[in-house]
1. Length gain on complete extension for the stretch residue 128 to residue 51, per 0.36 nm per residue less the alpha carbon to alpha carbon distance?
2. Using the Karplus curve 6.51 cos²θ - 1.76 cosθ + 1.60 with θ = phi - 60°, work out ³J(HN,Hα) for each residue of the stretch 154-167 in order, rounded to whole Hz, and write x for Gly and Pro.
3. Under the Karplus relation 6.51 cos²θ - 1.76 cosθ + 1.60, θ = phi - 60°, what is the ordered set of whole-Hz ³J(HN,Hα) values for the stretch 12-29, x standing for Gly and Pro?
4. Eigenvalues of the Cα gyration tensor times 5, then square-rooted: what semi-axes does that give for the stretch 1-99, in whole angstrom, largest first?
5. Apply 1/(1 + (r/R0)^6) to the Cβ-Cβ distance of residue 5 and residue 171, taking R0 = 30 Å, and write down the FRET efficiency to the nearest 0.05.
6. Can you list the residues, at least 5 places off or on another chain, whose amide H is less than 5 Å from the amide H of residue 155, using H built in the peptide plane?
7. For the stretch 5-235, state the average projected area of the convex hull of the C-alpha atoms over all orientations, rounded to one decimal in nm².
8. Among the aspartates and glutamates, which have Cα under 18 Å from the Cα of residue 204 when same-chain residues fewer than 8 positions away are ignored?
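No lab work stands behind these numbers, since they all come straight from the coordinates. The shown structure was predicted, so the numbers you read here are calculated from the model rather than taken from an experiment. Glycine gets a Cβ as well: all are built from the backbone with ideal geometry, and neighbour counts include every protein chain shown.
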Amino acid sequence: MVFDKKRVLSGLLLFVFLSVVFFFKINLILIFLLIFLTFYDLVFSKIISIKKLIFFTIPILGSLIFFYISNLNPLYLSLLFFIFLILSILNIKNNFFLFVTICLFFYILIYLNNFDNDLIFILIFLSFLNDTTAFVIGKSVGGPLIVPKISPNKTWSGTLSSFLVSFIFIYFMQFNFIESILISCSLFFGYLFFSYIKRKYYIKDFSNIIPGHGGILDRIDSIFFSSVIVFIFSFI
């Protein structure tokens, strides 16, 4: 198996950057950087135009500020996320539904960070651990593909091994058994959701901002659902 040098170097640089963020506790800067780069991905991949991005952002930002001021119940936020998620899947070409879903994800991520500022690093590390395990085992062992029409490279061997490694890590981090199972499963479905978007828009990566990896959405896709699950369990 041959490793992509750009991919490895980019991964190391990301690790160093995240270590600096963790050491200085500048989580919000990290989250807002992720938001900016996500918007860049959406424009770069032509999923949404700059004009629509600005047009959508104003009312959505106003709504999120209202949610914050009114202290909207976290479970209602989760329900809202899944409603727009379903709408975006049913009509994937309607970029408004997709954009709202992504905005709600980041709002939940900020909310979760305010609740426990270590959770975001656990989720990001989990994402890297899951993706790396799936990539290495999938390339080494190979075998049948799990969803070839959506993801032409995702194998059963890589998916199952990454699920097992992720579950062990999460359970070790003191999450309960049920939550560990759900989070481990959600990592795959987050990846699958964004792979489905890429297939529908005929793109390989969301951008080329991270050499060897693609865009920021190509890197944080697996925590898209897991963050919401952690969010729900944190407030039950």
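1. So the extension gain works out to 24.4 nm.
2. Listing the rounded values in order: 7, 9, 5, 5, x, 5, 5, 5, 5, 4, 5, 5, 5, 4 Hz.
3. Per-residue couplings from phi come out as 5, 5, 5, 4, 5, 4, 5, 5, 5, 4, 5, 5, 8, 6, 10, 4, 5, 4 Hz.
4. The answer is 29, 21, 14 Å, longest axis first.
5. My answer for the efficiency is 0.30.
6. Sorted by chain and number, the residues that satisfy this are 146.
7. On the way: hull surface 49.2 nm².
Average of the hull's projected areas for the stretch 5-235 equals 12.3 nm².
8. Cross-link targets: 4, 41, 131, 218, 221.
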